[in-house]
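Asks: My questions all concern the structure below.
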Amino acid sequence: MRTILRVFYWLFAILLIAAAFLTHWFIYRPLPQFDGSAALSGLQHEVTVERDRWGVPHIRAASAEDLAEAQGYVMAQDRLWQMDLLRRVARGQLSEILGPATLSIDKEFRTNGFARAAERDATLLDLESRKVMEAYARGVNQFIDQHKNNLPLEFSLLRYEPKPWQPSDTLAISGYMYRTLTDTWERELNRAKVTERAGTDRAKDLFSEEAAMDHFVVGDPKVIDDGSQRSAADSDDEDDDDDMQPDTVLKASRGTPYGGLTPESAPDITSALSQSVEEFLQQSKNGIRQGLGSNNWVVSGAHTATGKPLLANDTHLELSLPSIWYQIHVTAPGWNVKGFTLPGAPMVIIGHNDRIAWGFTNNGADVQDLYVETFNPASPDEYRVKGSWAKAQLIDEVIHVKGQPDEQLKITVTRHGPIVHREGDKAYAMRWTATEPGGLANSYNWLGKARNWKEFRDTMKRVWGPGQNAVYADVEGNIGYVMAARVPIRKKGHGEVPVPGDTDDYEWNGYIPFDHLPQALNPESGLIVTANARVVGPNYKPYLTDRWEEPYRTARIYDLLHDRHDLRPEDMLRVQTDTYSYPHAFLADQLLAASKTVKPKDSRAQKLIDGLKDWNGIADADSPEVSFLHATRRAAIDLLLEPFLGKDTSLYQWRTTTFLQKLLTDRPAKWLPPAYKSYDELLAAAADVAVAKLTEQSKSARVEDWAWKRFNSLDMFHPIGRTGLLKRLLSITDKPQSGTQYSVRAATKTHGPAMRFVGNPGNWDESILLIPAGQSGQPGSSHYSDQFSYWYEGKPIFAPFSDAAEATARKHTLTLKPGS
């Protein structure tokens, strides 16, 4: 027995040592160097990289090119695999490393043409931008070259090495963000189907852009001084808008196995991981389609304790590990900027310098149209143009598939763009500003050089998109708003549904001139708020879109701020984390009133309605009432739409809750289904449907088991960490969270505030910057998820900016030296 125990202990010790060795080899060995020195061959002068306790780097360089090269190196230290994943998604190259599970994603992105557009736009960059992009790529590639034998964990698990970085990779990632923020063609198809089924008259109600709770930034007939009159005038902008004219659509034609194993002999871990990545990306796409947006606002000094403006921004995107945003401070001649950038992108996209601060929400301007093309049955590569047959362009794409033969993809391109969808004998071509010449080359990375409102506007004028609501504040006390993007002017219609492609009647006729886009400077109210809802009122004439998001977050922010005169950065953070839900509170009142005349059949529904008497509108994670209201909202919408759409009520993707609120307020007879005598009876039926659905989803008949956290807990997945050991190692899951998608703290299971920023021009050292997880994408790093508790609990992380404050916060210093 003693011998058996001795053997057992030795085996256990060997296994423990082996586990420790593997953990060190794959998780801790790839961690980057934070102190000492390293050589970068492209540098002209030494660059210092200082990091604080959160691992946030401050790069100090003698030129913008040295700065960009060092930034590429540093971001590769922290986020190389995420950068590689994003460019592979955008280029349609996932299957090369993941196998056939991701082929549908690759085909979608190949068809979109981001890789082709990025290669083209890389040749259109101005000299300064080209130098910065090339320097950034050099920095990334030097990190790859120096660390081929100790790459991050994901490369080891998937058994591949990253290819060299190119400037066009950065532009391709811009295409990925375009797709995230402006891809609307499926909604346009669905809108046409809903209109056909419901009829034109009802479609006017369903797709109305009117909402009682909207707050317009410009164009409100009730507001005399919204700041729009002085925006352009105060900039002294004498440039014309010749550069706003569109070019024609360019129809361009355009590793080593790990450990000696061939793809065919590799273990099936690739298949498991590929499925995880595919699910992650599809869930991200679906979450964005739900309309979960962002918040930003700016208040003048009249509303603050210091007399200086305050600016707040929290962008709502997929919540993942690592985070989609990366924090950085960059300093070089002409640059002293701190804020957030995307993995793979140089400089800073959102943040502040020593003079101004800015932040974004998605505007939703319609920059993508579908054209119904008619193809020749006798010659399938020909399509009709103004009564004659024209030859379509055919692009042959080869998709490499790990472990399988290459996949051939033929893309058909008309004068409007690629065919993205076929339905019966109809073929739909997509025109999109993202893939117009210059669409990817002109984005938001250069705002950090602006010193005042005029320079900020001048930089925004160069931007193609994605169209963003930009709020602005500066140390002089100015606040402002600009929506900058290339928004098409259409000859006919608005592109809200597919239009005939064989005529010129629906062509684009240029873009809205920059000075005609929505802008405001120093409105009398001293308050500008955007949250993806409608920002332009009836007095604003150019067409941006009528597909605005729900108005509830905007309304709540206004209510919390408009009468305050003592605001501090912490107050802005409290607003960002507010979990009140207007539509749920409205529905609670409706149900309470309805139950006085019509009772639900299910006693549990009546019990929950009775509990609403004491509910305060806060969407608390422990509240079963929130779960009930959320399910009742959906059930009521379905009951109203089923007479026209059948079970396809999900085709209706608009301001669904605004539509429901209007019907329950006005109670028009034409919308009441014949099965119900009154709207109260419909609400009682919806309540019964809701409790049945909650029972099914929770697998419990007890109301006590229906807490909101049961249905809306937070899941922050790593792309390959959705199941098993990798889920426990790489992801943060099953965290109770308060809020709904209509709360300022917008909350669904996998989407929400991907960063929080409060810019304080009165004292930049008291600005707040944080992300959901941490700076590093490497699970062995102490900065992989060190910010999570602050983000989750709504606590501030004050981000030092001045030299004195940063000297106090400094924990590491790395010197990058010229040489090889």
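Asks: Averaging over all projection directions, find the projected area of the Cα convex hull of the stretch 627-786 and quote it in nm² with one decimal place. Could the numbers behind the result be given before it?
Replies: Values: hull surface 56.8 nm².
Average projection, Cα convex hull of the stretch 627-786: 14.2 nm².
Asks: Let me ask another. If eta is 1.306 mPa s and T is 10 °C, what Stokes-Einstein diffusion coefficient results for the chain, Kirkwood Rh from Cα pairs, in µm²/s?
Replies: Values: Rh = 28.1 Å.
For these conditions, the coefficient is 56 µm²/s.
Asks: Which aspartates and glutamates does Lys677 reach when only Cα atoms under 18 Å apart count, and residues fewer than 8 places away in its own chain are ignored?
Replies: Correct list for Lys677: Asp638, Glu642, Asp666, Asp688.
Asks: If you don't mind, there's one more thing I want to ask. Give a quick list of GluC sites (Glu not before Pro) in the stretch 475-529 that DSSP marks as loop, anything other than H, G, I, E or B, with at most 13 other Cβ atoms within 10 Å.
Replies: Glu476, Glu524
Asks: Given the convex hull over the Cα atoms of the stretch 333-464, what projected area results after averaging over all orientations, in nm²?
Replies: Numbers: hull surface 51.6 nm².
Computing the convex hull of the Cα atoms and averaging its projections yields 12.9 nm².
Asks: Rolling a 1.4 angstrom probe over the protein chains, ignoring ligands and nucleic acids, what is the accessible area of Leu181 in square angstrom, nearest 10?
Replies: 40
Asks: Quick check: with the 1.4 Å probe, what order do Asp614, Asp546, Asp734, Asp205 take by accessible area, largest first?
Replies: Asp614, Asp734, Asp205, Asp546
Asks: In addition: Percent of alpha carbon pairs in the stretch 464-592 separated by more than 24 Å? All intermediate terms of the calculation are to be shown ahead of the outcome.
Replies: Numbers: 3759 of 8256 pairs.
Result for the distance tail: 46 percent.
Asks: Using a 1.4 angstrom probe and counting only protein chains, how large is the accessible area of His565 in Å², to 10?
Replies: Surface accessible to solvent at His565 totals approximately 120 Å².
Asks: In the stretch 398-504, carbon and sulfur make up what percent of the accessible area (probe 1.4 Å)? All intermediate terms of the calculation are to be shown ahead of the outcome.
Replies: Details: 1620 of 3510 Å².
Carbon plus sulfur share of accessible area: 46 percent.
Asks: Within 9 Å, Cβ to Cβ, of Leu770, how many net charges do the neighbouring residues add up to if Lys/Arg are +1 and Asp/Glu are -1? It would help to have the intermediate numbers written out before the result.
Replies: Numbers: positive: Arg756, Lys795; negative: none.
Cβ neighbours under 9 Å give a net charge of +2.
Asks: Could you work out the helix-only [θ] at 222 nm for the chain, with each DSSP H run of four or more residues adding -39,500 (n - 2.57) and the total divided by the number of residues, to the nearest 500 deg cm²/dmol? Working shown, then result.
Replies: Numbers: 24 runs with 288 residues, N = 820.
Calculated at 222 nm, the ellipticity per residue is -11000 deg cm²/dmol.
Asks: For the stretch 33-100, what is the convex hull volume of the alpha-carbon atoms per residue, in Å³?
Replies: Values: hull volume 8.2 nm³, N = 68.
Per-residue hull volume (Cα only) is 121 Å³.
Asks: Now for a separate question. Tell me the accessible surface of Glu696 in square angstrom (1.4 angstrom probe, heavy atoms of protein chains only), to the nearest ten.
Replies: Roll a 1.4 Å probe over it and Glu696 shows about 120 Å².
Asks: Still on this model: Pull up the cross-link candidates among the lysines for Lys410, meaning alpha carbon to alpha carbon under 22 Å and not fewer than 8 places away within one chain.
Replies: Lys107, Lys251, Lys391, Lys402, Lys426
Asks: Under a 1.4 Å probe, what is the accessible area of the chain per residue, stated in Å²? Kindly include the intermediate steps, with their values, before the conclusion.
Replies: Details: 31290 Å² over 820 residues.
Heavy-atom accessible area per residue stands at 38 Å².
Asks: Separate question: By the scheme Lys and Arg +1, Asp and Glu -1, what is the net charge of all other residues having a beta-carbon under 15 Å from that of Val140? Write down the numbers at each step before the final one.
Replies: On the way: positive: Arg79, Arg87, Arg88, Arg138, Lys148, Lys163; negative: Glu65, Asp66, Glu69, Asp78, Asp84, Glu134, Asp145, Glu161, Asp169.
Residues close to Val140 contribute a combined charge of -3.
Asks: May I ask you to list the chymotrypsin sites (Phe, Trp or Tyr not before Pro) in the stretch 680-717 that are in a DSSP loop and have at most 12 other Cβ atoms within 10 Å of their Cβ? All intermediate terms of the calculation are to be shown ahead of the outcome.
Replies: Values: sites: Trp706, Trp708, Phe711, Phe717; in loops: Trp706.
Loop-located and lightly packed - none at all.
Asks: Still on this model: I'd like to know how the stretch 542-620 sits against the 2.2 N^0.38 Å rule of thumb: what's its Cα Rg over that expected value? Please list the in-between numbers first.
Replies: On the way: Rg = 17.4 Å, N = 79, 2.2 N^0.38 = 11.6 Å.
Relative to the rule-of-thumb radius for its length, the stretch 542-620 sits at 1.50.
Asks: Over 29 Å between Cα atoms: which of Lys601/Lys662; Lys461/Lys795; Lys148/Lys795 fall into that group? Show your work: numbers first, answer last.
Replies: On the way: Lys601/Lys662 26 Å; Lys461/Lys795 36 Å; Lys148/Lys795 39 Å.
Pairs exceeding 29 Å: Lys461/Lys795; Lys148/Lys795.
The values are calculated or read from the model by the stated rules, or taken from the named source; none is laboratory data. In this text the structure is predicted, and so the values were computed from the model without any measurement. With ideal geometry, Cβ positions are generated from the backbone for all residues, glycine too; neighbour counts draw on all protein chains shown. These area figures cover heavy atoms from the full protein model, side chains too; ligands, DNA and RNA do not enter into them. Shrake-Rupley method; radii C 1.70, N 1.55, O 1.52, S 1.80 Å.
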